[in-house]
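A quick write-up on the structure given underneath.
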Amino acid sequence: MWTLLSLLDDSDVTLEDDMAPNCETRPFRTDPELCSLQPQIGILCPVCDAQVDLPLGGVKALTVDHLAMNDVLLENLRGEGQGLVCDLCSDREVEKRCQTCKANLCHFCCQAHRRQKKTTYHTMVDLKDLKGYSQVGKPILCPSHPAEELRLFCELCDRPVCRDCVVGEHREHPYDFTSNVIHKHGDSVRELLQETQPHVEALEDALAQIKSVNNALQERVETVAADVRTFSEGYIKAIKEHRDKLLQQLDDIRIQRETALQLQKAQLEQLLADMRTGVEFTEHLLTSGSDLEILITKGVVVERLRKLNKVEYSARPGVNHKICFSPQEKAGQCQGYEVYGAINTQEVDPAQCVLQGEDLHRAREKQTASFTLFCKDASGQRMGRGGDNVHVEVVPKDKKDSPIRTVVQDNKDGSYRVSYTPKEPGVYTVWVCIREQHVQGSPFNVTVRRKHRPHPGVFHCCTFCSSGGQKAARCACGGTMPGGYLGCGHGHKGHPGRPHWSCCGKFIEKSECSFTSGQGAPRSLLRTVAL
């Protein structure tokens, strides 16, 4: 706003107290070339925030908002007339208003107004009697001829004019009294207003919907936020409870193992004391005793030493310190929430691990072979978790420097699926290690045979059916039929009595073909071709 005022100051434009800028402007007729040469200045309407370009006449040429001026006048009247001065002398405060001239007069000008012949019979009203009015009529004077009132309307220029305007600037323009043209122009304005009002209602409805959606959005956000807080608080409580359980479990493990170690320690200390006593007594007897003393005491000493030597004990600690925490392992539910993290005390023992699978000792070239490793602890109990460092190598015996790529899949339950694809037939050596130690049964050999040979014939019941009745069609089963048919047929000589392969005679549909071109009869017979 201050920038706008500075622009107005730079252009030597002044604002008058009795003029209020409006959204509509009506510039005077000027030379178009002159308009294009002068820079255009714009101001913003304080009501609708629309930009209004100042006409060449400046602020004075803007359309005056007489309704606003009427409202200002009424506000001043309701405020005991403070700030109103006489329209004639512009010096004294207003006391009365001439309803005929629509002028505010002071006491002195009012008396002078009545003394003149032309204004003697004008109606004068006290200022205080106008406070209840909603409209205070005031003549609208022509901006070009301040002494004349705007009573006419120029149809060509589409603007109100005075008598002097129609004989001067608007000469030969069609015009009429404002009271005669108000209906036509008022109706056009009302029609445009009717077209605009639905947009207002639509915008109000849209804003109401936006407000409703915004309120619903706020409510939904608060509801979801409450759900998030409830879930988070419950989850935090569940995690804390699970944490306390894990810590308590860890402490129980500590107490249990410490107790076992202390018991083992006490037993070994007692056994050590007995051993030392027996050893010291025997050494003292042998070094200090006489022959007769040794012989007399020999039986007791020997029996004692034999008993001590027969005592079984473990030189290794009965428990270990292997305790680990698996944060990604599922630990069930706690207060209705799924929690993770478990304490594991099991330690895999490679000597107890087991290898299983159909492809453990045989495989086919260019076909994926697989077997499963089941990990167990020292007691033979299966491990219930994964995460062990399993290393597998499959190496050809004749090419030990060319190992085959292997894939180890952790099933997270103590088992591991090992798969590999040999490229060539031959004998391969397989190493399966955990922590650089071979598991039970490792290393072992795998014989890789050639790729499964498919059947070139048909899996049929007889040559008569599969060949469409051809007499020359033969089968590897060696069957014949009467009537010149060389192949097998239902219930005839050589028919096996069930479906079989025409190329090799095998009865299993999903099997490897064993037919070779060098085989003797009946395998060298013609094979039935599938139609």
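The values are calculated or read from the model by the stated rules, or taken from the named source; none is laboratory data. Bear in mind the structure is a predicted one, so any value in this text is a computation, not a measurement. When we count neighbours, we look across all protein chains shown, and the Cβ atoms used for this are built from the backbone with ideal geometry, even at glycine. The protein model used for the area step is the full one, side chains on, heavy atoms only, and it has no ligands, DNA or RNA in it. Shrake-Rupley method; radii C 1.70, N 1.55, O 1.52, S 1.80 Å.
Explain nothing, just compute: Karplus ³J(HN,Hα) = 6.51 cos²θ - 1.76 cosθ + 1.60, θ = phi - 60°, for every residue of segment 238-243 in order, whole Hz, x for Gly and Pro.
Per residue, the Karplus-derived 3J(HN,Hα) values read 5, 5, 5, 5, 5, 4 Hz.
Just how much of Glu365 is accessible, in Å², when a 1.4 Å probe is used and the result is rounded to the nearest 10?
Only protein atoms counted, so the area is about 30 Å².
For a 32 Å ceiling on Cα separation, which of these pairs sit above it: Lys376/Lys400; Lys330/Lys451; Lys245/Lys376?
Table pairs above 32 Å Cα-Cα are Lys330/Lys451.
Once you compute Rg and the Kirkwood Rh from C-alpha atoms, what is the Rg to Rh ratio for segment 263-358?
1.37
Roll a 1.4 Å probe over the protein heavy atoms and report the accessible area of Arg304 in Å², nearest 10.
Near enough 110 Å² of accessible area.
Give the ranking of Tyr121, Tyr416 by solvent-accessible surface, highest area first, calculated with a 1.4 Å probe.
Tyr121, Tyr416
In square nanometres and to one decimal, what's the mean projected area of the convex hull around the Cα atoms of segment 336-393?
6.7 nm²
Leu207: accessible area at probe 1.4 Å, nearest 10 Å²?
110 Å²
Return the Rg/Rh ratio of segment 300-401 with Cα-based radii and a Kirkwood Rh.
Taking Rg over the Kirkwood Rh, I get 1.21.
Search the structure for amide H atoms under 5 Å from the amide H of Val161, placed 1.01 Å from N in the peptide plane, and list their residues when 5 or more places away or on another chain.
Arg151, Leu152, Phe153, Cys154
When you have a sec, figure out the Kirkwood radius of segment 124-252 from all distinct Cα pair distances and drop it here in Å to one decimal?
This gives a value of 22.8 Å.
Would you please report the Å³ per residue occupied by the convex hull of the alpha carbon atoms in segment 423-517?
134 Å³
Show me the three semi-axes of the equivalent ellipsoid for segment 153-210, from the C-alpha gyration tensor (sqrt of 5 times each eigenvalue), largest first, rounded to whole Å.
Sorted largest first and rounded, they come to 39, 11, 7 Å.
Per q in 0.12, 0.17, 0.21 Å⁻¹, report the Debye log10 I(q)/I(0) for segment 325-459, using one uniform scatterer on each alpha carbon and no solvent.
Log-scaled intensity ratios, in q order: -0.56, -0.89, -1.18.
Would you mind working out the magnitude of the charge dipole of segment 84-215 relative to its Cα centre, with +1 at each Lys and Arg C-beta and -1 at each Asp and Glu C-beta, to the nearest 20 Debye?
Computed about the Cα centre, the dipole is about 940 debye.
Enter the mean projected area of the convex hull around the alpha-carbon atoms of segment 224-267, in nm², rounded to one decimal.
2.3 nm²
Along the principal axes of its C-alpha atoms, what lengths does segment 418-471 span, in descending order and rounded to whole Å?
Reported extents, whole Å, longest axis first: 67, 19, 14.
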